[in-house]
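Read through the structure below, which is laid out as structure tokens, and then see the notes.
The values are calculated or read from the model by the stated rules, or taken from the named source; none is laboratory data. Here the structure is a predicted model, which is why all the values come from computation and not from measurement. All Cβ positions, even for glycine, are placed from backbone atoms using ideal geometry, and neighbour counts span all protein chains on display. What goes into the accessible areas is simple: the full protein's heavy atoms, side chains included, and nothing from ligands, DNA or RNA. Shrake-Rupley method; radii C 1.70, N 1.55, O 1.52, S 1.80 Å.
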Amino acid sequence: MSDIVYLNGGFMPVEEARIPVLDRGFIFGDGVYEVIPVYSKRPFRLDEHLRRLQYSLDKIRIANPHTAEEWQRLTGEIVKRNDGKDQSVYLQVTRGVAKRDHAFPKGIKPTVFMMSSPLVTPAPALVESGVACVTAEDYRWLNCDIKSVSLLGNCLLRQLSADAGAAETILFRDGNLTEASSSNVFVVKDGRLLTPPKDNLVLPGITYDVVLEIAHAREFEVEIRAVTVAEVRDADEIWVTSSTKEVLAVTTLDGKPVGDGKPGPLFRRMHALYQQFKKDHMRIAA
Ligand code: PLP
């Protein structure tokens, strides 16, 4: 079966989907997106993803082309029409098609695109071993809270780790941790879980929120505050989180072991709790 995508009101095989070259998503990267993990055909934290979509759209001044109920229905349809129980649903809204001009054109309709791919979460061996990461200066713009399709900075930064055979690039700005090229970052020091606050320098991760929800419920000691470069370099544990990575331990940073170079005890606990949280969620959503 070929992949079925949604484009501007219709479902079709991906090979048949076409957008005009003057789409502002193509010309300017003028649009926003979401990636929603789907387990056993059930979208995980869909309401939260749709709220973040609304936030991103508001920030770039595009009127939401759909109500939450319409988005829920479209997400359900794309999941149903594609193979596989566990999927990663991608949705994108751009400002639409117009003659090239930086200023917003009047009276155009946003382009809405959705697709689904198999959800590939980290293999058990990777969860056991942890991953290597490198670091870089965060030179992206100052609106990293917008889930913008303009991802050139993130792609260039991610490629640094790809070139080094590592899983992620962890980013520092003005001496503090921000996030990674496509994940949020947590640090453990002396039994305390540290992570930067959600501000304009990081994407407000849905997984970040789940991890904090679990941490609070299980009475982990948590500090949401600026985390310095020195604290990251001296951490007992480092985790990266995202909808597709879930929670993953970082075991080497710039070639040096993190802690004892193995996934730490707090990571093991959080990873197990996260898996349980997913199962509970799927039972509730059934
Ligand atoms: N930070 C960045 C820059 C990202 O691109 C992502 C996800 O793609 C995240 C954080 C994690 O967000 P989420 O947990 O919602 O997947």
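Table for the structure above
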{"quantity": "Cα centroid of segment 107-162 to Cα centroid of segment 51-79, whole Å", "calculated": "20"}
{"quantity": "Alpha carbon centroid spacing (whole Å) that separates segment 213-286 from segment 1-36", "calculated": "34"}
{"quantity": "Column: log10 I(q)/I(0), Debye, Cα scatterers of segment 91-228, q = 0.10, 0.13, 0.21 Å⁻¹", "calculated": "-0.45, -0.73, -1.41"}
{"quantity": "Scattering profile of the chain at q = 0.11, 0.15 Å⁻¹ [log10 I(q)/I(0), Debye over alpha-carbon scatterers]", "calculated": "-0.67, -1.20"}
{"quantity": "Over the chain: helical MRE at 222 nm, DSSP H runs n ≥ 4 each giving -39500 (n - 2.57), nearest 500", "calculated": "-9500 deg cm²/dmol"}
{"quantity": "Global geometry of segment 51-138, whether rounded, prolate or oblate, following the gyration tensor of its Cα atoms and the 1.5 cut on a/c", "calculated": "oblate"}
{"quantity": "Proximal aspartates and glutamates relative to LYS99, as straight alpha-carbon distance under 20 Å, when same-chain residues fewer than 8 apart are discounted", "calculated": "ASP23, ASP30"}
{"quantity": "Residue-by-residue Karplus 3J(HN,Hα) for segment 251-266, coefficients 6.51, -1.76, 1.60, Hz, glycine and proline x", "calculated": "10, 9, 10, 6, x, 9, x, 8, x, 8, x, 10, x, x, x, 5"}
{"quantity": "Residue-normalised accessible area of the chain, expressed per residue, 1.4 Å probe, Å²", "calculated": "48"}
{"quantity": "Listed residue pairs exceeding 30 Å between alpha carbons, taken from LYS85/LYS189; LYS147/LYS262; LYS147/LYS278; LYS106/LYS147; LYS198/LYS245; LYS85/LYS256", "calculated": "LYS85/LYS189; LYS147/LYS262; LYS85/LYS256"}
{"quantity": "The chain: angle of helix 46-59 to the longest principal axis, Cα-based, in degrees nearest 10", "calculated": "70"}
{"quantity": "Accessible area of segment 21-69 belonging to carbon and sulfur atoms, whole % at 1.4 Å probe", "calculated": "56"}
{"quantity": "Sites matching chymotrypsin sites (Phe, Trp or Tyr not before Pro) across segment 122-189 that sit in DSSP coil, with at most 14 neighbouring C-beta atoms within 10 Å", "calculated": "TYR139, TRP141"}
{"quantity": "Accessible surface of segment 131-260 [probe 1.4 Å, protein heavy atoms]: carbon and sulfur percent", "calculated": "53"}
{"quantity": "Loop sites in segment 1-91: trypsin sites (Lys or Arg not before Pro), DSSP, at most 10 other Cβ within 10 Å", "calculated": "ARG18, ARG61"}
{"quantity": "Given charges at beta-carbon only (K, R positive; D, E negative), |dipole| of segment 70-188 in Debye", "calculated": "800"}
